[in-house]
Amino acid sequence: MRIANGHNLRIAVQNDGRLTTRSLELLRGIGLEFEEHERRLFARCRNADVELLFIRDDDIPEYVQDGVADLGVVGRNVVIEQGSRVEELESLGFGFCTLALAVPREDATRTPRDLDGRRIATTHPAALRRYLDREGIDARVIEIRGAAEVAPALDVADAICDLVSTGTTLRMNDLRRLGDVFESEAVLVANPATLLDRERAALVERLRVRLRGLLVARRMKYVTLNAPRCALPRIQEILPGMKSPTVVPLAEEGMVALHAAVEEEVFWEVMERIKEAGGSEILVLPVEKVMR
Ligand code: PRT
Ligand code: ZN
């Protein structure tokens with residue numbers, strides 16, 4: 001079925017970087033069909049009035065703010081850094097990282113306050129300045145283009161403020177995390193005017209409902225199991241998400257089958273406890289999509 005109302009919606013995604021694969025996976029997950037060709041600027045969707053625009057992540061907030069694109073998938077850190085006037089519609093559950101302060105491992109610094117009077121190299125100068133003002137720390141911000149982690153070794157700065165995900169880069173450069181400025185993940189942002197245009201807004205809302213369905217489904221599991229009817233209360237205690245399961249009597253007297261979608265992780269430990277409570281034939285299945 002076509003997602004169409006004759007109004008083109010343009011979605012900006014990173015052309016080649018950390019967010020690209022997951023962004024495209026997400027757009028395909030909500031039913032958009034397209035083919036991306038390396039280094040092509042545009043991709044039209046086969047089944048929707050939607051066009052994808054592939055650009056550098058740093059350009060996304062501004063393009064969305066200016067209406068060059070209606071929607072964008074970008075790291076929240078970039079939106080915060082640029083102070084763009086866009087609306088954040090959803091957190092997308094990938095691209096997790098933290099903007100953090102770090103110093104050489106052997107440095108005497110204990111807290112961010114100890115950075116008073118010192119130099120901090122960063123690619124996020126605006127966000128760092130706001131943080132320093134808020135915390136009342138009087139440090140000098142050294143704006144650099146890339147690879148902040150080498151700045152202390154080159155004596156360009158005494159500390160750095162950079163994105164951290166696994167912490168490997170800090171470790172490899174003998175740096176120690178001192179404090180966090182904010183946490184980030186990939187977000188869906190919208191041009192405010194698009195949301196005021198009736199037709200486009202309707203299309204955005206449709207995509208958004210699908211997106212939520214996809215994100216909720218990721219957390220959900222479908223659980224089925226057999227148990228003696230009398231074990232039901234105990235099993236619901238172990239799996240509180242199993243509020244109103246479908247209960248079907250089995251041929252064996254007093255035994256029932258339970259089915260329910262639960263919005264929680266079902267670890268081995270949970271399954272073991274259900275088994276102890278009398279459950280058997282426990283199946284935990286992934287949920288692909290949800291619409292409520
Ligand atoms: O070319 P373009 O401008 O489009 O890409 P880019 O090089 O500017 O961005 P890219 O692809 O590196 O990152 C895109 C987005 O991914 C960022 O804006 C963040 O929202 C998000 N993200 C998530 C990260 C990281 N994790 C991350 N670890 N962006 C960068 N890093 C870097 C960090 O700067 C440091 O150099 O990875 C290093 C630290 O990683 P760890 O795992 O060693 O801690
Ligand atoms: Zn970039």
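Please find, within region 73-96, the residue that is nearest to ligand 1 (Cβ to nearest atom) out of those that are open to solvent by less than 30 Å² (accessible area, probe 1.4 Å) and touching a Lys or Arg at 6+ places or on another chain (Cβ under 9 Å). Looking at residues that are open to solvent by less than 30 Å² (accessible area, probe 1.4 Å) and touching a Lys or Arg at 6+ places or on another chain (Cβ under 9 Å), I get GLY75. Do we find that ALA190 is within 16 Å of ligand 2 (Cβ to nearest atom), on the phi < 0 side of the Ramachandran plot, at pLDDT 95 or above and hydrophobic (A, V, I, L, M, F, W, C) in this structure? No; evaluated as a whole, the condition is false for this residue. One residue alone among GLY67, GLY17 is within 15 Å of ligand 1 (Cβ to nearest atom), among the small types (Gly, Ala, Ser), at pLDDT 95 or above and part of a loop (DSSP other than H, G, I, E, B), and that residue is GLY17. Do the conditions hold for VAL284, that is, is it open to solvent by less than 50 Å² (accessible area, probe 1.4 Å) and either without any contact (Cβ under 8 Å) to a residue 24 or more places away in the chain or under 20 Å from ARG219 (Cβ atoms) (or both)? Against the criterion (open to solvent by less than 50 Å² (accessible area, probe 1.4 Å) and either without any contact (Cβ under 8 Å) to a residue 24 or more places away in the chain or under 20 Å from ARG219 (Cβ atoms) (or both)), VAL284 qualifies.
Every residue, every condition in (1) in contact with a strand residue (DSSP E or B) (Cβ under 7 Å, 6 or more places away or on another chain); (2) within 16 Å of ligand 2 (Cβ to nearest atom), yes or no:
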| position | (1), (2) |
| --- | --- |
| VAL64 | yes, yes |
| GLY67 | no, no |
| GLY75 | yes, yes |
| VAL86 | yes, no |
| GLY93 | no, no |
| PRO104 | yes, no |
| ILE120 | yes, no |
| ILE144 | yes, yes |
| LEU154 | no, no |
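Summed over region 48-61, the residues that are within 12 Å of ligand 2 (Cβ to nearest atom) and farther than 15 Å from GLY95 by Cα give a count of 5. Scanning region 154-175 for residues that are open to solvent by less than 20 Å² (accessible area, probe 1.4 Å) and within 6 Å of ligand 1 (Cβ to nearest atom) turns up VAL164, GLY167.
All of (1) outside any helix (DSSP H, G or I); (2) farther than 26 Å from GLY213 by Cβ; (3) of a type outside the set (Val, Ile, Thr) hold for GLU33 with one exception: (2). For region 134-182, a residue qualifies if it is outside any loop (DSSP other than H, G, I, E, B), polar (S, T, N, Q) and more than 22 Å from ASP58 (Cα to Cα), and exactly one does: THR168. Please verify whether ALA231 is more than 23 Å from the chain's Cα centre (by Cα), among the hydrophobic types (A, V, I, L, M, F, W, C) and surrounded by fewer than 16 Cβ atoms within 10 Å (Cβ to Cβ), treating the condition exactly as stated. Taking the combined requirement at face value, the residue does not satisfy it. Summed over region 269-281, the residues that are out of contact with any helix residue (DSSP H, G or I) (no Cβ under 7 Å at 6 or more places or on another chain) and either surrounded by 13 or more Cβ atoms within 10 Å (Cβ to Cβ) or within 16 Å of PRO240 (Cα to Cα) (or both) give a count of 4.
Sort through LEU195, LEU178 and tell me the only one that's open to solvent by less than 60 Å² (accessible area, probe 1.4 Å), more than 13 Å from ligand 1 (Cβ to nearest atom) and touching a Ser or Thr at 6+ places or on another chain (Cβ under 7 Å). When all the criteria are applied, what remains is LEU178.
Among the residues of region 213-230, those identified as aliphatic (A, V, I, L, M) and modelled with pLDDT of 95 or more are LEU225, ALA227.
The values are calculated or read from the model by the stated rules, or taken from the named source; none is laboratory data. None of these values were measured; they are calculated from a predicted model. Glycine gets a Cβ as well: all are built from the backbone with ideal geometry, and neighbour counts include every protein chain shown. With ligands, DNA and RNA removed, areas are computed over all heavy atoms of the protein, side chains included. Shrake-Rupley method; radii C 1.70, N 1.55, O 1.52, S 1.80 Å.
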